[in-house]
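The values are calculated or read from the model by the stated rules, or taken from the named source; none is laboratory data. Note that the structure is predicted; figures quoted are calculated from it, not measured. A quick note on method: Cβ atoms are made from the backbone with ideal geometry, for glycine too, and the neighbour counts reach across all protein chains shown. SASA here: full protein model, heavy atoms, side chains in, ligands and nucleic acids out. Shrake-Rupley method; radii C 1.70, N 1.55, O 1.52, S 1.80 Å.
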Amino acid sequence: GTGGRNGATLTPGVYSVTSQAFDLSSNSTLTLTGTGQFVFLMSSTLTLGTDVTIDTSALGAGSSAYWVTPSTGTAVTLGPNADFEGNILASGAIAFDPGATDGCGRALSENA
């Protein structure tokens, strides 16, 4: 990602994410910085808007990001042209809209 637009900057840790925890709406950037593991425990679905960027350019070697949805069949949607980074561990379907990419990671669904 390119970063520098708007949004939050987070350091390694475990985050319990409610729907309003940080901005993943259209044209936003979430910057991950430091060396270590990032674990995002989503309270519901994971949806990225159009042109969202997860900026990992400031991560140290060996760092990883994991995005985990609850085990209730919730879905993951990466919006058009989303520049996503990390491993998606979903219980439901995972959709990549046109132009969406996961540059470094895997998208794994338990039931879809």
Probe 1.4 Å, heavy atoms of protein chains only: per residue, the accessible area of the chain in Å² is 48
Using 7 Å Cα-to-Cβ label points, what is the residue 77/residue 18 separation (nm, one decimal)? 2.3
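Place a +1 charge on the Cβ of each Lys and Arg in the chain and a -1 charge on the Cβ of each Asp and Glu, then give the dipole magnitude about the Cα centre in debye, rounded to the nearest 20.
Values: 2 positive and 8 negative charges, 33 e Å.
Dipole of the chain, to the nearest 20 debye: 160 debye.
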Considering only protein heavy atoms and a 1.4 Å probe, what is the carbon-and-sulfur percentage of the accessible area of the chain? 52
Taking amide hydrogens as modeled 1.01 Å from N in the peptide plane, which residues meet the under 5 Å criterion relative to residue 99, leaving out close sequence neighbours? 81
